[in-house]
Structure formats: C-alpha cells, structure tokens
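Below is one structure, written out as structure tokens, with a few remarks after it.
Coordinate-derived values only; no laboratory data. Since the model is a prediction, treat every value here as computed from it, not as a measurement. Glycine also receives a Cβ, built like all others from the backbone with ideal geometry; neighbour counts cover every protein chain displayed.
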Amino acid sequence: MVLARYLALVLILVWTAYLVAGREIAPLIGALGVAGLAVSLAAQDTFSNFIAGVVLLADRPFRLGDWIRVGDKLGRVEGITLRTTRIRTPDNELIAIPNAKVAGGEIQNLSAGGPLRIHVPVGVAYRYDPDEVRPVLLRVLRSHPGLLAEPPPEVWVRELADSSVNYELVAWIPEDAIARLPKLTAELTEAAKKALDAAGIEIPFPQRTLWFAEPLKVVQESASQSESTKE
C-alpha cells in the first residue's frame, strides 16, 4: 500500500512537470529518481513490517486475547495491524512491537495450551538433605490458593551451584491467572523464604572457598620492627 502510493505520487509529479516544462525535464526526472531512491530506503523498515504482518496474519501463531512473550516483553495481544503487534502488559502498559521483530524472533504463546506450568527457583545451603527441604517447599505450594491441585505441584532439585543447591517450585496455574503471573511468582518466593526460615533451613549468600597448594606462612612483626621498617 505504501509502495503503491509512492509510485502514484512520482508518476503524478513527472506528468505535471512534463506539462509545465515540455520535453526539457530530464534533470527533473533525475532529481526525482534520486529522491525516490532515498524515500524507498527510508520506507524499507515499513515494508518489512508490512510483509511480516501478512506472515503473522497467515501463520497465526497467536490470536487476540492470547498471552505471549516476545523477547523480554510479556502481555495480552490487543491488536495486530500490518505494521505492529500491540500487547498490554500486566502493568497495564500498551506496547506496540514492530511486526518484523515479532515474526523474526521467538514467540512464546502462554495461552495456547490452557493451564500453564510455572517454575520458581529457590537456593538452599548444601548441608540440608533434599528429603528435609522438599516437604517444607511442598507445603508452600499446596497452601497457595492460586495454584491448581491437579496436576499436583512438585519440588525439583535443579542444579548443584557454587554456593547452594538450587530447587525449583513447579506448579500449574489456570489460564485466567496468567495475567497475575509476576505477582504469583513473587508470592511463592516470599512464602518459600518464610517457610525455610521457620524450619531453620538456611538460604546461603554467594561465597567462595580458596585452596592453596602450600600452607600459608604468617609472619608476625613486633611494633619496634614495624617502626624500624618505616624509617
């Protein structure tokens, strides 16, 4: 559409110039050609977004009302035009993302399969056995009213990290709760912290242990030696 309008405008200008100046319009046509090249380069992004919009409308990776994640943007789809895809975030912000960026990247459709499984990470000190930690975290999941009872929630050991054993709280939420996903994650993180504190289970801070090939020698100087060294 944009390209057709541009070509029509160029033809009108050329014909008008021909009527006014007769046959001596070669310089004017050259100038119009240069201007046309500049405009076409400027409209390249618009044209790519137009093509991407057509692809999205044909492929339909999401529909109006679906919750999607594009890059670091999460929101409900409110509109799909030939230039942008518009989503509304959980913070009620309306974001217009160029179609070329949407079609050219990874699209996560959180609404396509119904209930959504969520993962909340929690780190625990190494000295606590998983059989001691898991019941505490499972009670957090089972007591939260926003989570589905089926499929049942689980607690996984995800990683043996440098300073902690990293667990993952895994649970399912209904589709209508996706809008509250950031709040649910924050509530589960806070509840896990309180439950672990109440059970006397430590959440460690990052730390590093240094090992030396040979024992370190500590040399103790007296006050008089230190003063003589300064002199």
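Taking the options 186, 149, name whichever one is of a type in the set (A, V, I, L, M, F, W, C) and part of a helix (DSSP H, G or I).
Details: 149 fails: part of a helix (DSSP H, G or I).
On inspection, the qualifying residue turns out to be 186.
If the condition is being surrounded by 12 or more Cβ atoms within 10 Å (Cβ to Cβ), farther than 18 Å from residue 110 by Cα, in contact with a Lys or Arg (Cβ under 9 Å, 6 or more places away or on another chain) and touching a residue at least 40 places away in the same chain (Cβ under 8 Å), then the range 144-164 contributes only 163.
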